[in-house]
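Before I ask anything, let me first share the structure, which is written out below as structure tokens.
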Amino acid sequence: MIKTMRNSLTAMALSACFAPNLLAAVISEENGKTISFNVEAMAAAMSLDENYTGTPGEKSWQEAYIKGDLVGSSLLENGNTLYGGIGVIALGTRSDGDGLGLTTGDEDEIHLENAYVGWQSSNNLVDLSVGRQIFTLGDGFLIAGDAISPGKGFDSVSNGSLDRGGAYYLAGRKSFDNTAILKVDPEGPIRGDLFWLKSDNQYQQNTELTGLNLEYVDDAMGTLGLTYMKATDVDVGAGLALFDNRDGMDVVSLRGQGSMGVDNLFLSFEYVSETGGDQTEKDADAWYVEGGWTFADLPWTPNLNYRHAEFSGDNTATSKDETFDPLFFGFTRGFGTWFQGEVAANYGGPFNSGNEVDRLELTLTPREDLTVGLQYWDFDKTDNAADNAATEIDLYALWSINDNWVFSPMIGLYEPKGTANIAAQGNSNDNLYLQAVLMYFY
């Protein structure tokens, strides 16, 4: 994953989020046995001029979480390795609650976040792990952990079943409730994963996914991946009942990412087909194409990137459900993957279903420890989906204060243009978004 990052700072910050033992402190190391500990923490303050809770007006709120993991490994006499980890997270939201209304500002909870064991063969050919842990597929277009974390905002319609402790934007809770993951990586370009994932997230209706992933990896050219998944169990009617038609759905994904052997070039694409199902039959798809170029010889090393993405919406003229189900997408290789637009993706819409999106991004690196990015977003609807047409501009920075601390301020301006997001906002005013996030990794 790190090879796809635009600079070392972004790689450090994001890799720490998704590889909990990357910056771990070793507690004990002797006779092939290692025990280490790591901490990941974030605190954020946000404000919106407009919100999407049904009561127009300003909102400001704060979120935070701290997560600690104890991880260990033991080298066996035959060269194989046993490993495992256990971790706890404390999280919460204060003040007005988030701009979508999933939190009220009165959330604080402590949860078991990680609890897994694994076995790795001496030649690294086979890695089998089970338990509560994160799983990411590709760059997170479909799966990047079980990250969405509502609070008490929908208690009145869910009897509190959706409450996961809040910190909705920071999404500190990423582990699936239970997993079985077999990774096979022989010598040569082919590797694969066989996986079973079970969510305990009522928003996701406690979905279970079973899948097979195959990848062709060329260090110079890039990675080509093919995945088949099936939603083997869904609690129909649970939560907000948004994903009833996910039950029994078949998913096929074809994706690629790399440089094609050309220095400074970045290319990425994915196509997803969703069909079948035990409720209303699915017939949906989504895809994107992306290209970027790093001007390595210019001051501040500019990187210019363009992406076009489309997510099908329902066609009311048919009996099938063409609404694309975004599954467990998440934040992986930088802002905009795959929460597209900070206001749009998190609060105002659209939400990776029934829309098409164009993004143009410019990043600059004035210093080794500082990256500045500017993104322009254009959203439109597809098919008979709700009209969430909009534009958004986001300006952000990532400052690596030292090896442990990262600070990221952001300012965004969102302009709703569609009937759906204007109605949700209560007006057609431009919406100013301010955000500051402080991150700590140890």
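The values are calculated or read from the model by the stated rules, or taken from the named source; none is laboratory data. What you are looking at is a predicted structure, and each value in this text was computed from that prediction instead of being measured. FYI the Cβ positions are ideal-geometry reconstructions off the backbone, even for glycines, and counts take in every protein chain you see. Just so you know, the surface numbers come from the protein's heavy atoms only, side chains and all, with ligands and any DNA or RNA stripped out. Shrake-Rupley method; radii C 1.70, N 1.55, O 1.52, S 1.80 Å.
Would you mind computing, in nm to one decimal, how far apart the modelled labels at LYS33 and MET221 are, each placed 7 Å from Cα along Cα→Cβ?
4.6
How far apart, in nanometres, would the label points at SER122 and ALA397 be if each is projected 7 angstrom from Cα along the Cα-to-Cβ direction?
5.3
Distance between Cα centroids, the range 25-74 to the range 114-154: provide it in whole Å.
16
Oh, and also: Pairs to check: LYS198/LYS320; LYS33/LYS67; LYS381/LYS417; LYS67/LYS174; LYS33/LYS198; LYS174/LYS198. Give those whose C-alpha atoms are more than 19 Å from each other in this structure. Write out the running numbers ahead of the final one.
Details: LYS198/LYS320 26 Å; LYS33/LYS67 23 Å; LYS381/LYS417 11 Å; LYS67/LYS174 11 Å; LYS33/LYS198 30 Å; LYS174/LYS198 12 Å.
Pairs exceeding the cut-off: LYS198/LYS320; LYS33/LYS67; LYS33/LYS198.
Also: What list of ³J(HN,Hα) couplings, whole Hz, do you get for the range 122-135 from phi and the Karplus terms 6.51, -1.76, 1.60, once you set θ to phi - 60° and write x for glycine and proline?
Using θ = phi - 60°, the values come out as 4, 9, 6, 6, 10, 9, 10, 9, 9, x, 8, 7, 7, 9 Hz.
How much mean residue ellipticity at 222 nm does the chain get from its helices, if each DSSP H run of length 4 or more adds -39500 (n - 2.57) and you divide by all residues, to the nearest 500 deg cm²/dmol?
Details: 3 runs with 22 residues, N = 442.
Helices in the chain give a 222 nm mean residue ellipticity of -1500 deg cm²/dmol.
Something else now. Classify the chain as rounded, prolate or oblate from the Cα gyration tensor: take a ≥ b ≥ c as the square roots of its eigenvalues, call it rounded if a/c is under 1.5, otherwise prolate when a/b beats b/c and oblate if not.
On the way: a/c = 1.29, a/b = 1.22, b/c = 1.05.
It comes out rounded by the Cα gyration axes.
Right, another one. Could you grab the relative contact order for the chain? Cα pairs under 8 Å, six or more apart, rounded to a whole percent. Let's see the in-between values first.
Working: 1309 pairs, mean separation 57.5, N = 442.
Worked out over the chain, it gives 13 percent.
Could I ask something else about it? Taking 56 Å as R0, compute the FRET efficiency from the Cβ-Cβ separation of ASN78 and SER319 and round it to 0.05. Display every interim value, and only then the final one.
Numbers: r = 57 Å, r/R0 = 1.02.
Efficiency at R0 = 56 Å is approximately 0.45.
Determine the order of LYS198, LYS59 by accessible area, beginning with the largest, at a probe radius of 1.4 Å.
Values: LYS198 55, LYS59 30 Å².
Listed by decreasing accessible area, they come as LYS198, LYS59.
Here's something else I'd like to know. Would you mind getting the accessible area per residue of the chain, heavy atoms of the protein chains only, 1.4 Å probe, in Å²? Intermediate results must be reported in sequence, preceding the final value.
On the way: 18310 Å² over 442 residues.
Using a 1.4 Å probe on heavy atoms only, each residue of the chain averages 41 Å².
Would you grab the residues whose amide H sits under 5 Å from the one on LYS282? Only those 5+ places off in sequence or on another chain, please, with H modelled 1.01 Å from N.
Result for LYS282 returns GLY276, GLY277, ASP321.
Out of the total accessible area of the range 296-375 (probe 1.4 Å, heavy atoms of protein only), what percent is carbon and sulfur? All intermediate terms of the calculation are to be shown ahead of the outcome.
On the way: 1750 of 2860 Å².
The C+S portion of the solvent-accessible surface of the range 296-375 is 61 percent.
Based on the alpha-carbon gyration tensor of the range 27-101 and its eigenvalue square roots a ≥ b ≥ c, which shape applies: rounded if a/c is under 1.5, prolate if not and a/b is larger than b/c, or oblate?
Values: a/c = 6.15, a/b = 4.04, b/c = 1.52.
Taking the square roots of the gyration eigenvalues as a ≥ b ≥ c, the range 27-101 is prolate.
While we're on this one: Show me the ranking of peptides 318-325, 343-350 by mean Cβ neighbours inside 10 Å, starting with the highest.
Values: 318-325: 18.9, 343-350: 27.0.
Top to bottom by mean Cβ count within 10 Å: 343-350, 318-325.
Over the range 185-247, what percent of the accessible surface lies on carbon and sulfur atoms, probe 1.4 Å? Please report the intermediate quantities before stating the final value.
On the way: 1680 of 2860 Å².
Accessible surface attributable to carbon and sulfur in the range 185-247 totals 59 percent.
Show me, for the range 335-341, the HN-Hα J-couplings you get by feeding each phi into the Karplus relation (A = 6.51, B = -1.76, C = 1.60, θ = phi - 60°), rounded to Hz, glycine and proline as x.
4, x, 10, 10, 8, 8, x
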